[in-house]
Amino acid sequence: MTQRILIATSNAHKTEEIRQIMGGEWEVVDLRSHPALVLPEETGDTFEANAVIKAEAASLAVAGVWVLSDDSGLEVDALGGQPGVRSARYSGETANDASNREKLKSELGKLEGPFAGRFRCCMAVAKDGKVIRVFHGSVEGVLRVEEEGVGGFGYDPLFVPNGFEQSFGVLPPATKNELSHRARALLQVIEWLKEAS
Ligand code: ITT
């Protein structure tokens, strides 16, 4: 029987990747199905803290279903781990993906490469207001100073995963969804849900 899972996100790109990875056994919906539900500010200083805030609030508001949150971001070693938990707001409060990439290119442009970094993802699984488990995934790579491709979202056109020559903006979605930080966290979630549900 298909079960429903609510992804506590307003980022449709995340939902689509999660839907692709979860396959047909789960009906994957997100906050677009619950327009009245506004999540609290992400005030945590770790991915895990913010994932917990989102999962707790959404699962309190929508009873009886599995809720999954995704807090993720990019760490660049040469920038002391920035943008990190501030990835979505790196270029300021009115930030969007394009302005965040501009800011990253400008910061990296002041330094000598190559630039090692990683995407990290923390996922929290919750039900009825209680977080039950958290899972982590990451993917190591190198940051480019020029954008490459228009696929994916966020910093994807600047990130080349180790073992590849092209950025996540160029690589097919199926490749990203096999090895991304999100996929690595989510595969553990899927295994756990098989036992728990
Ligand atoms: P929700 O909080 O509603 O889930 P959000 O986009 O604000 O959506 P985050 O707070 O987790 O999500 O911020 C994640 C940011 O990190 C996101 O805006 C991207 O800039 C970046 N990011 C995360 N995963 C990424 C990926 O797979 N590819 C490129 N950039 C990514």
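Of the residues examined, Glu75 is not one that is within 11 Å of the ligand (Cβ to nearest atom) and exposed (fewer than 13 other Cβ atoms within 10 Å of the Cβ).
Let's see how each residue does on (1) crowded, with 16+ Cβ neighbours inside 10 Å; (2) modelled with pLDDT under 95; (3) among the polar types (S, T, N, Q):
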residue: Met1; (1), (2), (3): no, yes, no
residue: Ile5; (1), (2), (3): yes, no, no
residue: Thr9; (1), (2), (3): yes, no, yes
residue: Ala12; (1), (2), (3): no, no, no
residue: Glu17; (1), (2), (3): yes, no, no
residue: Gly23; (1), (2), (3): no, yes, no
residue: Asp30; (1), (2), (3): yes, no, no
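Candidates Ile18, Ile53: the one that is touching a residue at least 12 places away in the same chain (Cβ under 8 Å) and more than 10 Å from the ligand (Cβ to nearest atom) is Ile18. Candidates in segment 94-137 are the residues that are away from the ligand (no atom under 12 Å from the Cβ) and under 20 Å from Glu17 (Cα atoms); of these, the one that is surrounded by the fewest Cβ atoms within 10 Å (Cβ to Cβ) is His136. Taken over segment 78-89, the criterion of being touching a strand residue (DSSP E or B) at 6+ places or on another chain (Cβ under 6 Å) and surrounded by fewer than 21 Cβ atoms within 10 Å (Cβ to Cβ) is satisfied by Ala78, Gly81, Gly84.
Within segment 21-40, the set of residues being under 16 Å from the mean Cα position of the chain (by Cα) and within 13 Å of the ligand (Cβ to nearest atom) comprises Ile21, Asp30, Leu31. Per the listing Val150, Val142, the residue uniquely away from the ligand (no atom under 11 Å from the Cβ), free of Cβ contacts under 8 Å to residues at least 60 places away in the same chain, of a type outside the set (Asp, Glu) and assigned to a loop (DSSP other than H, G, I, E, B) is Val150.
Within segment 159-186, the set of residues being in contact (Cβ under 8 Å) with a residue 40 or more places away in the chain, within 15 Å of Ser72 (Cβ to Cβ) and not in a strand (DSSP E or B) comprises Lys176, Asn177, Leu179, Ser180, His181, Arg182, Ala183, Arg184, Ala185, Leu186. Restricting to segment 153-196, name every residue that is polar (S, T, N, Q), more than 14 Å from the ligand (Cβ to nearest atom) and touching a Phe, Trp or Tyr at 6+ places or on another chain (Cβ under 7 Å). Answer for segment 153-196, where residues must be polar (S, T, N, Q), more than 14 Å from the ligand (Cβ to nearest atom) and touching a Phe, Trp or Tyr at 6+ places or on another chain (Cβ under 7 Å): just Gln188.
Applying the criterion of at least 1 residues that are touching a His at 6+ places or on another chain (Cβ under 9 Å) and more than 19 Å from Leu193 (Cα to Cα) to the strands (runs of 3 or more DSSP E) found wholly in segment 1-112 leaves 66-76.
Kindly provide the set of residues from segment 1-15 that are among the polar types (S, T, N, Q), out of contact with any Ser or Thr (no Cβ under 9 Å at 6 or more places or on another chain) and away from the ligand (no atom under 16 Å from the Cβ), ordered by number. Selection gives Thr2 alone.
The values are calculated or read from the model by the stated rules, or taken from the named source; none is laboratory data. Please read all numbers here as calculations on a predicted model, not as lab measurements. Positions of Cβ are generated from backbone atoms using ideal geometry, with glycine treated the same way; all protein chains shown enter the neighbour counts.
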